[in-house]
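The values are calculated or read from the model by the stated rules, or taken from the named source; none is laboratory data. Being a predicted model, the structure only gives us computed values, none of them experimental. So basically every Cβ, Gly included, is an ideal-geometry build from the backbone, and we count neighbours across all protein chains shown. All accessible areas refer to the heavy atoms of the entire protein, side chains included, with ligands and DNA or RNA removed. Shrake-Rupley method; radii C 1.70, N 1.55, O 1.52, S 1.80 Å.
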Amino acid sequence: MTQPGVKLDKFSMRKSNRELVFSIIHRKGCVSRLQIARLTNMSLMSVGRIVDGLVKLGIVREEDSGEQTNTVGRKPKLLRVASNNFLSVGVEIDRDRICTGIINFKGQVLKKLEEKRNFGSSSPEHVLRCVAEMVMQILSENKNLPVIRAVGVACPGLIENDTIRFSSQMKWNNVAVAEILRPLTGIDDIVVDNEVKAHGVAEDMFGLGKDYKSSVVLTMGSGIGSSAVIDHKLYRGRANMAGEIGHICMNPSGGNMCECGKRGCLQAYMADWAILREARTVREDATLDDVFQAYLEKEPWAINLIDQVLGYVSIALHLLGGTYSPDIIILCGRLLEEHRIYKEIILDRFCRGGGDDGPLVRVSRLGPNGTMIGAGTLAFYSILDKIL
């Protein structure tokens, strides 16, 4: 999208128009040339030239709609993304697992590898060697699939120019992820982004955000983060730092200690490790499932703890709603994906309303693959930026 007042040369204008037409086909699922012309205010001839080029590249296909018409001539044809002609690799890094998958243009995971172990105490070099091995394994095992040489990597932390500037969860500082992975994999096109931003892309393209102009994702797991998509564009802010809600300071003087080294961060009250830290002052060997079950059984300590956590969830939702004023806030993360009781508590407390007094609040339907799907989608678009 060009900025107001910026004059484009013919090459840039054509590239911009190609990207626009492709994004409409991708987002709509199926659409005719005439519909694209109406949506873009471009001439039917111009749309036709662009579509012919996309078909020739093999990333769009045109097929009969099957509709009967009362007029003489050909049946109307519909355009779709050739979702299984171009596949990419998406990777999610977390401190206790790495997931690698082959993703298509529909946001579907065709193949997946997962390694579960403690990576939080490992060096960046060791973790990224594991990532490279998994990428090469999944490519080797699926040579029959048309996978493009592009990898998207999603990781918690502040990420700029494919480098993790700081990750409190991984304990990493200034790790040039793409630079390390390129020689290990032999793949040049490697895109690295924050895990919540990647999930936000997936929700906007394939999930609950698809039918809304603006959406916000709030993730709750080993970290607390958010991302905002406005008019179907990811809002990054300065140095890609937008959305770091987990490190908003709620109590600077006497607050809980956060992994980042500060006191009173929102994350220090809502993250899985923060809940466990509090619970184990009462029950030394408590698991998260123990905590949520005790809440259901109305044990006073568990009620006090979870009510406090829910209070901070409410604060996070109000902060995001007031800051971005989105149409929908989408909740995700492993606290919801892996703990059914907690998910039901969240649904009952925050997701039953219709959004009359604010944005809708809903739980993601993408499940544990949402971040990986977003990472693969970012890889697609890095390649498309070069070929369109």
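The table below gives the values:
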read-out	value
Mean Cα-pair separation over length for the chain, i.e. relative contact order, pairs under 8 Å, 6 or more apart, %	16
Heavy-atom accessible surface of the chain: percent carbon and sulfur, 1.4 Å	48
Ratio of Rg to Rh over region 135-268 (Cα coordinates, Kirkwood Rh, two decimals)	1.03
Normalised alpha carbon radius of gyration of the chain [divisor 2.2 N^0.38 Å]	1.07
Contour excess over end-to-end distance, with Cα ends at I341 and D285 and 0.36 nm allotted per residue	18.2 nm
Region 355-388 versus region 223-242: alpha-carbon centroid distance in Å	12
Residue-level accessible surface for I103, protein heavy atoms, 1.4 Å, Å²	0
R14 versus K143: modelled label distance in nm, points set 7 Å from Cα along the beta carbon direction	3.8
Mean Cβ neighbour count within 10 Å, used as a protection proxy, ranking 211-219, 291-299, 329-337, 144-152 highest first	329-337, 211-219, 144-152, 291-299
Cβ crowding within 10 Å averaged over residues, with 221-229, 192-200 ranked highest first	192-200, 221-229
Within the chain, helix-based [θ] at 222 nm, where runs of 4 or more DSSP H residues each add -39,500 (n - 2.57), nearest 500	-12500 deg cm²/dmol
Extended-chain gain in nm, criterion 0.36 nm per residue less alpha-carbon gap, R238 and K213	6.8 nm
Span-like helix ranges in the chain, DSSP H, alpha carbon extent 30 angstrom or more, Kyte mean at least -0.5	300-324
Cα-centred dipole magnitude for the chain, charges only on beta-carbon of K, R (+1) and D, E (-1), debye, nearest 20	1640
Part-to-part distance (alpha-carbon centres) for region 271-306 and region 100-150, which is given in Å	35
Charge dipole (debye, nearest 20) of region 273-388; +1 at Cβ of Lys and Arg, -1 at Cβ of Asp and Glu	300
Dipole of the chain [Lys/Arg +1, Asp/Glu -1 at C-beta], most positive-end residue of I341, M241, I383	I383
Packing rank of 306-318, 249-261, where each peptide gets the mean count of other beta carbons within 10 Å, highest leading	306-318, 249-261
Accessible area of the chain divided out per residue, in Å², using a probe of 1.4 angstrom	48
